[in-house]
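Step one of this worksheet: look at the structure below.
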Amino acid sequence: MHKQPRNRMVIALSAIPLTMVLTSCDATDDPAIVDEPGTIVAVAREAGSFSTLLTALEVASLSGALEGKGPFTVFAPTDQAFAAIDPEVLNDLLADSERLAAVLTYHVVPGLFRADDVAGLTSAPTLNGKLVGISLAGGTVRVDDAVVTQTDIAAANGIIHVIDRVLLPEPIADIVQIARGAGIFNTLLAAVEAAGLTSVLKGEGPFTVFAPTDEAFSAIPVEALNALLQDKGALTSVLTYHVAPGTLTANQVLARSHLSTVNGATATISIANDGSARIDGALIAVTDIEARNGVVHVIDRVIFPR
């Protein structure tokens, strides 16, 4: 019987387990490489839809904070959310680093709160120091009035939830910007401009403005209104009669029978039998429209100092 050489047999037998090992390695030892997420700022930058937020963080000197250890939960408004803000108002906000920081920190909650955690809350403390409201209805989670549109975007130092509106812990528009945005105070704004009072009502204030609508001005005969608009002294007297110094809410106004105005004259406050409130006979139709430099109450007539 012919015998196979011993050394050839050893080589052949030893090749069997080697082949098995190589086959096993091909099947199981090729794991996918998973990149660790970057910081919240890095993840937002990579997403490509948070350019305005990232610019705002840089302007407010907060980028470094959100690249820190954390963890943080960030409710992140998209570029589209920022675009919904009046451009002038947004530019004013970006130019005021202190107010901007107050807005941005209102979007950040210390700690790690995933979507399920957020849905179980009614409020959360923010880095701003104020509580942000949280609600769940019909499967939709809202943070204040903003809808959460995407959740649980992981970052190395926290988590991001995307929202469709910018959260505002306090008003960022001034009285003039509020009036312009409402769209029903065009004549009032033209009168304020003609009297040279626009910069005053955009100032620090605070002011309480009883604002007549376009319809209220249309009740004045055209000839008389045109004459008023061309008489800067008389126009200033009328307009300042619609303004009281300080911020007076509706309840504070109704607690008085008379109200001192910037004009120097005194207006009369009354409550009718039906519960409606009036200033010099003009119905106070809408109240407590907040601005960053005061409050606006809408009235249905132009009032004149006596």
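The values are calculated or read from the model by the stated rules, or taken from the named source; none is laboratory data. Note that the structure is a prediction, hence the values are computed from the model and not measured. Keep in mind that these areas ignore ligands, DNA and RNA; they rest on the heavy atoms of the full protein, side chains included. Shrake-Rupley method; radii C 1.70, N 1.55, O 1.52, S 1.80 Å.
Computed values, structure above
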| quantity | calculated |
| --- | --- |
| Of Asp35, Asp117, Asp96, the one that fluctuates the most in a GNM where the chain has Cα springs shorter than 10 Å | Asp35 |
| Calculated P(r) over Cα pairs in 10 Å bins from 0, in percent (choose from (1) 6, 27, 35, 23, 8, 0; (2) 6, 25, 33, 22, 11, 3, 0; (3) 5, 21, 21, 16, 14, 8, 4, 3, 3, 2, 2, 1, 1, 0), label | (3) |
| Part-to-part distance (alpha-carbon centres) for the stretch 205-239 and the stretch 137-158, which is given in Å | 46 Å |
| Pairs of alpha carbons in the stretch 166-234 whose separation is greater than 15 Å (percent) | 58 percent |
| Cα-based equivalent ellipsoid, the stretch 179-273: semi-axes from gyration tensor eigenvalues, Å | 22, 16, 14 |
| In sequence order, calculated HN-Hα J values of the stretch 268-283 (Karplus, 6.51, -1.76, 1.60; Hz; x Gly/Pro) | 9, 9, 9, 10, 6, 4, 7, x, 6, 9, 9, 10, 6, x, 7, 5 |
| 5 angstrom amide H check on Gly294, placed H, neighbours 5+ away | Phe207 |
| Accessible carbon and sulfur surface of the chain relative to its total accessible area, %, 1.4 Å | 55 percent |
| Accessible surface, the chain, averaged per residue in Å² (probe 1.4 Å) | 55 Å² |
| Long-range amide H partners of Ala211 with built H, under 5 Å | His297, Val298, Ile299 |
| Of Ile163, Ile184, Ile172, the one that fluctuates the most in a GNM where the chain has Cα springs shorter than 10 Å | Ile184 |
| Among Leu228, Leu100, Leu112: highest mean-square fluctuation, GNM of the chain, C-alpha pairs under 10 Å | Leu228 |
| DSSP bridge pairs, the stretch 224-306: antiparallel proportion in percent, nearest 5 | 100 percent |
| The stretch 65-144: Cα Rg divided by the 2.2 N^0.38 Å rule of thumb | 1.19 |
| The chain: DSSP helices with Cα axial extent of at least 30 Å and average Kyte-Doolittle hydropathy no lower than 0.0 | 6-28 |
| Mean ellipticity per residue at 222 nm, deg cm²/dmol - from DSSP H runs of n ≥ 4 across the chain, formula -39500 (n - 2.57) | -10500 deg cm²/dmol |
